[in-house]
1. Out of region 82-97, which residues are in contact with a strand residue (DSSP E or B) (Cβ under 9 Å, 6 or more places away or on another chain) and open to solvent by less than 50 Å² (accessible area, probe 1.4 Å)?
2. For region 37-55, enumerate the residues that are closer than 21 Å to SER86 by Cβ and assigned to a loop (DSSP other than H, G, I, E, B).
3. If you check every pair at least six apart or on different chains, which have Cβ atoms under 7 Å apart with a residue in region 80-94 that is part of a loop (DSSP other than H, G, I, E, B) first and a residue that is surrounded by fewer than 17 Cβ atoms within 10 Å (Cβ to Cβ) and not small (Gly, Ala, Ser) second?
4. Out of THR36, THR49, THR58, THR69, I need the residue that is exposed (fewer than 15 other Cβ atoms within 10 Å of the Cβ) and either hydroxyl-bearing (Ser, Thr, Tyr) or at pLDDT below 95 (or both). Which one?
5. From (1) modelled with pLDDT of 95 or more; (2) assigned to a loop (DSSP other than H, G, I, E, B); (3) open to solvent by 50 Å² or more (accessible area, probe 1.4 Å), pick out the condition that doesn't hold for PHE1.
6. Could you list, in sequence order, the residues of region 95-111 that are among the acidic types (Asp, Glu) and assigned to a helix (DSSP H, G or I)?
7. Given (1) at positive phi; (2) at pLDDT below 95, identify the lone condition not met by SER89.
8. Specify the residue that is farthest from GLY97 (Cα to Cα); the eligible residues are those in region 24-33 that are under 9 Å from the mean Cα position of the chain (by Cα) and open to solvent by 10 Å² or more (accessible area, probe 1.4 Å).
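The values are calculated or read from the model by the stated rules, or taken from the named source; none is laboratory data. For clarity, every value in this text was computed on a predicted model and none was experimentally measured. Here the Cβ is made from the backbone with ideal geometry for all residues, glycine too, and neighbour counts use every protein chain on show. Areas reflect the complete protein model, heavy atoms only, side chains present, ligands, DNA and RNA absent. Shrake-Rupley method; radii C 1.70, N 1.55, O 1.52, S 1.80 Å.
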Amino acid sequence: FQQGFPRSGSRSHVVRGLASVAQDQEQRRVLVPIATGSEEIETTCITDTLVRAGASVTVASVEPGLQVTMSRGIKIVADTLIGECSSSSWDLIVCPGGMPGAQRLCDSAELQRLLLKQ
């Protein structure tokens, strides 16, 4: 193997090498803001894919409350409000589409500040 993996023929050396590489990688922090009218499939696919990849995903509502009605009427409960995210640093901010959700995300002054800081 290359990239620092042990060259021993023992399978246990390879497993220990992979485990140490995984421990060295820092978990990425991702913010997914949502609003009334955001597209539920985009929101779900984004969060699911990132979590499966090992990221720590926080869903934040730009609305006054945590429960948000998505574009097709499905209600999603966010982890937090967008205002509570400003003191944290994020590796990535991913905005789902959907109308009028995309416009409501655009109208969020707090989200705008986070994106400019990004």
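1. Within region 82-97, ILE82, GLY83, CYS85, SER88, TRP90, ILE93, VAL94, PRO96 qualify.
2. SER38, ALA55
3. These pairs meet every condition: SER86/GLU110; SER86/ARG113; TRP90/ARG29; TRP90/GLN118; ASP91/ARG28; ASP91/ARG29.
4. Details: THR36 fails: exposed (fewer than 15 other Cβ atoms within 10 Å of the Cβ); THR58 fails: exposed (fewer than 15 other Cβ atoms within 10 Å of the Cβ); THR69 fails: exposed (fewer than 15 other Cβ atoms within 10 Å of the Cβ).
Answer to the check: THR49.
5. Evaluating PHE1 over (1) modelled with pLDDT of 95 or more; (2) assigned to a loop (DSSP other than H, G, I, E, B); (3) open to solvent by 50 Å² or more (accessible area, probe 1.4 Å) leaves (1) as the failure.
6. So in region 95-111, the residues among the acidic types (Asp, Glu) come out as 107, 110.
Of everything in region 95-111, just one residue is among the acidic types (Asp, Glu) and assigned to a helix (DSSP H, G or I), namely GLU110.
7. Evaluating SER89 over (1) at positive phi; (2) at pLDDT below 95 leaves (1) as the failure.
8. The qualifying residue farthest from GLY97 (Cα to Cα) is ARG28.
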